[in-house]
Amino acid sequence: MPSDQAEVIIIGSGIAAAAAAYSILVETRRVNNLRRILVIESREMCGGGTGRGNGVLNCSPHEMFYRLRSTIGLHRAAALVRFQLAHIKVLRELCQGMDQDNAEFREREMVEFYLTERDRKIAFAKAHLFAQWVPEFKIATFKRDEARERFNVSQVVQGALSYDSATIWPFGFVNSVWHHLLRTYKQFLHIMTHTNVVSIDSLKGDP
């Protein structure tokens, strides 16, 4: 697909590019007005920062909420953290719905350990505040003896928190999305790898 025949050009092929292409194709098909998309990638597919990500989803929501509350307020902080927490369900369903899934999506229990009584008390206070504003998300707290018995950890551990989390292989996930899109929209999606973008020009009349 020559660039002058594409209606949308996306530079890069990481998770942001895949999300943009997915949204455009799904939404334009919904209104029966599919758009032709050209993706230009200077390296291999998903060869940038996305492919090097650690893939941990939902890390320390109580800490995020506590930081946000002082800048955007409690109500907006709760709404934003809820939005962030929702991506686990969305990613699970997306992986289940793809015809080829190499994302290695796994639901996990995330555990945070505290080595001083001061750190434990601070973390528990943040978790308690978070529970008041986002009660549907459960964080379990364990004091010193409970943590040592539950997780069989060192005697230096003074407490722990645990909550539901998940992991995903970013490189495999993004390439699964591209594979799914290429199979589903093969006439409307073209990808060029090892192709550098050297300039971007506006056509006459463009804003």
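Would you check if residue 153 is in a loop (DSSP other than H, G, I, E, B) and among the β-branched types (Val, Ile, Thr)? The answer is yes for residue 153.
Annotation: of all residues in segment 82-128 being in contact with a His (Cβ under 8 Å, 6 or more places away or on another chain) and of a type in the set (D, E, K, R), the one that is nearest to residue 150 (Cα to Cα) is 126. Within segment 148-207, being among the β-branched types (Val, Ile, Thr), touching a Leu at 6+ places or on another chain (Cβ under 9 Å) and closer than 18 Å to residue 36 by Cα holds for 177, 184, 191. Within segment 135-148, can one find any residue that is among the basic types (Lys, Arg), assigned to a loop (DSSP other than H, G, I, E, B) and under 27 Å from residue 78 (Cβ atoms)? The answer is yes; a qualifying residue exists. Return the total of residues in segment 114-134 being closer than 22 Å to residue 70 by Cα and outside any helix (DSSP H, G or I). Count: 1. Among residues belonging to segment 152-187 that are polar (S, T, N, Q) and under 25 Å from the mean Cα position of the chain (by Cα), point out the one that is modelled with the highest pLDDT. Filtering first and then ranking leaves 162.
Results for (1) assigned by TED's automatic domain parsing to the domain that holds residue 153; (2) in contact (Cβ under 8 Å) with a residue 24 or more places away in the chain; (3) closer than 30 Å to residue 127 by Cβ; (4) of a type in the set (S, T, N, Q), shown as yes or no for each residue.
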{"residue": "15", "(1), (2), (3), (4)": "no, yes, yes, no"}
{"residue": "31", "(1), (2), (3), (4)": "no, no, no, no"}
{"residue": "42", "(1), (2), (3), (4)": "no, yes, no, yes"}
{"residue": "45", "(1), (2), (3), (4)": "no, yes, no, no"}
{"residue": "49", "(1), (2), (3), (4)": "no, yes, no, no"}
{"residue": "77", "(1), (2), (3), (4)": "yes, yes, yes, no"}
{"residue": "109", "(1), (2), (3), (4)": "yes, yes, yes, no"}
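Under the condition of being of a type in the set (D, E, K, R) and within 25 Å of residue 84 (Cβ to Cβ), which residue from segment 112-147 is surrounded by the most Cβ atoms within 10 Å (Cβ to Cβ)? Of everything passing the filter in segment 112-147, 120 is surrounded by the most Cβ atoms within 10 Å (Cβ to Cβ).
Close contacts from segment 179-207, counting a first residue that is more than 19 Å from residue 94 (Cβ to Cβ) and assigned to a loop (DSSP other than H, G, I, E, B) and a second that is at pLDDT below 75 and not hydrophobic (A, V, I, L, M, F, W, C), with Cβ to Cβ under 9 Å and a gap of 6+ residues or different chains, come to 193/47. Here is a check on your reading of the model: is residue 154 farther than 25 Å from residue 23 by Cα, loosely packed, with under 14 Cβ neighbours inside 10 Å and of a type in the set (Ser, Thr, Tyr)? Against the criterion (farther than 25 Å from residue 23 by Cα, loosely packed, with under 14 Cβ neighbours inside 10 Å and of a type in the set (Ser, Thr, Tyr)), residue 154 qualifies.
The values are calculated or read from the model by the stated rules, or taken from the named source; none is laboratory data. The structure presented is a predicted model; accordingly, all values stated were derived computationally and were not measured. Using ideal geometry, Cβ is built from the backbone for each residue, glycine included, and neighbour counts are taken over all protein chains shown.
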